[in-house]
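Have a look at the structure below before the remarks.
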Amino acid sequence: MASKLLASSCRRTLARTANTSAPRGISTAAGAAVVAPTPEAFEDQGVVTVKGVKISARPLYLDMQATSPVDPRVLDAMLPYYLARFGNPHSRTHLYGWESDSAVETARSQVADLIGASPKEIVFTSGATESNNISIKGVMKFYKEKKRHVVTTQTEHKCVLDSCRHLQQEGFEVTYLPVGSDGIVDLEKLRSAIRPDTGLVSVMAVNNEIGVIQPMEEIGKICKEFNVPFHTDAAQALGKIPIDVEKWNVSLMSLSGHKIYGPKGVGALFMRRRPRIRVEPQMNGGGQERGIRSGTVPTPLVVGMGAACELAKKEMKYDDKRIRALQERLLKGIKAKLDGVVVNGSIERRYAGNLNLSFAYVEGESLLMGLKDVAVSSGSACTSASLEPSYVLRALGVDEDMAHTSIRFGIGRFTTEAEIDRAVELTVQQVEKLREMSPLYEMVKEGIDIKQIQWAQH
Amino acid sequence: MLRLASKRLLGQAPPRPAQILSRFYHENVIDHFNNPRNVGSFDKNDPTVGTGLVGAPACGDVMKLQIKVDEKTGEIVDARFKTFGCGSAIASSSVATEWVKGKQMEEVLTIKNTEIAKHLSLPPVKLHCSMLAEDAIKAAVKDYQTKRAKVNGTPDAAPVEQAAQA
């Protein structure tokens, strides 16, 4: 008995070593292959158990708004600066410093190129969060004598909202503009909110949760009219939609590395030179990055971001076409088999790689639990640490019960058709199963209008 | 046993993970989610069925718990549930239906949410799911008793109802 087991295990080892010699692909298509494996081989594969959930392979990654995989070409560009050319770019006295500095400057011009700016206007930071902090707090504190008011929107990223809250605690005033049900800010409301003492208008270009693209040119025009600095958080927009700082008339722009297939831990801040915008530095020290952001510039990370920007410039059109086709495939696939599917946010003015869907009568967290082979995220309360549903969806005016049901699919450069098809299949399956379990669906089927019921809360 | 040993011998078994990643979902919760017990509905108008509907879509949690009671013995012979809510809510209501089966109505009123939470190892942020399950049980029992009172109009329904409200 024991010898038989040993023999079969031996055979399996030999068979496996033969299979695993092929290089593993980068894409997460491993999970997409639904070729029926033999039951024994299935058990032997690396069964991953995380948070009590057993999954047979790494899940399909459809959460590109959270972060993106590093493009292998970017990694290639970065590695020499970790291993051989590891100098500090601020060392002026030897080759290591000079070559490091030259790499940083090259990266700077690559980033500037992508947004239509001059390299002298780019400051490297540790990420878009830091850039947002410098922009909002830095600008207002510099001009604090004359300017006491900030205008922003309700759907901004948490770091922007939190910086504004910090300013409020210090005595500044902030206006949070509402958005329409399509997620777009109302230009008339913006116009009327600007006051003589408004020091900054901050509107993000592409929203991270719902993917809507704000009317940047029109907002830029309004800001120019009132001569108010315009800041935008373009972390999700960089490399995905064409950005031109002249056309948009932005004075400050926050950029992030890890959303465009670059490394994590690096970002940039665009600061206009004509007319010059001044900020109070938030990181004090040796005066690096023109005194705006002290600290050693991390050469490998910055080189990575530069390489990512260059690739993005080359491949933006191609990626956009491909991602748009994948988004349509996803949406059509799901809508073909399910009813009660709502797209959150404007469909026309939207970045194609972000698809935020609400499935009526199904709760988001339970759907995520069922979709364990697909990595997506949700705007549902249960998945946030508090029990509040996503503030972005609430700002859209989405009904509270629908806010609990939203799922965000993020499509990117490395997403394949097979992954989309598998995601559609799994989503439809899980939604149907959960609808069977849902009392609301049952009531709707019976013809009861849910909105009329008086719910007994405790 | 032998297979695992032989696998270890050949160095094939998956290595014990050095760190156990902190679990947010207990195995029981996953189990109830993947294999939910007693999903379904009874006929609401059946006089032996009590229906408890608690929660609100605005809170993200709605539970419908139905019990089928044997009229003569007062024992709950069957239960069904339907839930709109997160995995913990589904698991809590599934556990609730399992626990009420075969018990007397007065007995199930003593089921506490803390017991459900302990069985599922619910983290503090999910305790309200178990509270809702307890409320659902109570609401189902109350509904059944109200139905019986309407049908019979007998005095013995009243003291039980008072016990339920206590």
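Basic side chains Lys and Arg get +1 at the Cβ, acidic Asp and Glu get -1 at the Cβ, and with that the dipole of the range A:320-377 about its Cα centre reaches some 360 debye. Amide H to amide H distances under 5 Å link A:T175 with A:V150, A:V151, A:T152, where only residues 5 or more positions off or on other chains count and H is placed in the peptide plane.
Taking the Cα centre of the range B:27-146 as reference, the dipole from Cβ charges on Lys and Arg (+1) and Asp and Glu (-1) amounts to some 200 debye. Ranking A:Q282, A:M271, A:V303 by Cα position along the charge dipole of the range A:259-304, where only Lys, Arg, Asp and Glu carry charges on their C-beta atoms, puts A:M271 farthest toward the positive end.
Local charge for A:G265 was computed over the other residues whose Cβ lies under 15 Å away, with Lys and Arg +1 and Asp and Glu -1, and equals +2. Taking amide H as placed 1.01 Å from N in the peptide plane, A:S377 has its amide H under 5 Å from the amide H of A:R408, each at least 5 places away in sequence or on another chain. Charge dipole of the range A:138-235 (Cα centre as origin; +1 on each Lys and Arg Cβ, -1 on each Asp and Glu Cβ, all else neutral): 420 debye, rounded to the nearest 20.
Between the amide H of A:I411 and those of A:M64, A:N354, A:L355, distances stay under 5 Å, these residues lying 5 or more places away or on another chain, with hydrogens modeled in the peptide plane.
Evaluate peptide A:440-446: per residue, the Cβ atoms of other protein chains within 10 Å of its Cβ; return the mean as an integer. Mean partner shielding for this stretch: 3.
Which lysines have a Cα less than 29 Å from the Cα of A:K317, not counting those fewer than 8 places away in the same chain? Result set, ordered by chain and number: A:K120, A:K221, A:K240, A:K247, A:K259, A:K264, A:K332, A:K335. Going toward the positive end of the dipole of the range A:99-236, with +1 on Lys and Arg Cβ and -1 on Asp and Glu Cβ, which of A:Q169, A:M204, A:V151 do you reach last? With unit charges placed on the Cβ atoms, the residue in question is A:Q169. Straight-line cross-link partners of A:K224 among the aspartates and glutamates, defined as a Cα under 16 Å from its Cα and at least 8 positions apart when in the same chain: A:E188, A:D197, A:D244, A:E246.
Rule-based calculations on the coordinates, nothing more; no lab input. Keep in mind that this is a model prediction, so the values were computed, not measured. Please note: Cβ atoms are built from the backbone with ideal geometry, for glycine as well, and neighbour counts cover all protein chains shown.
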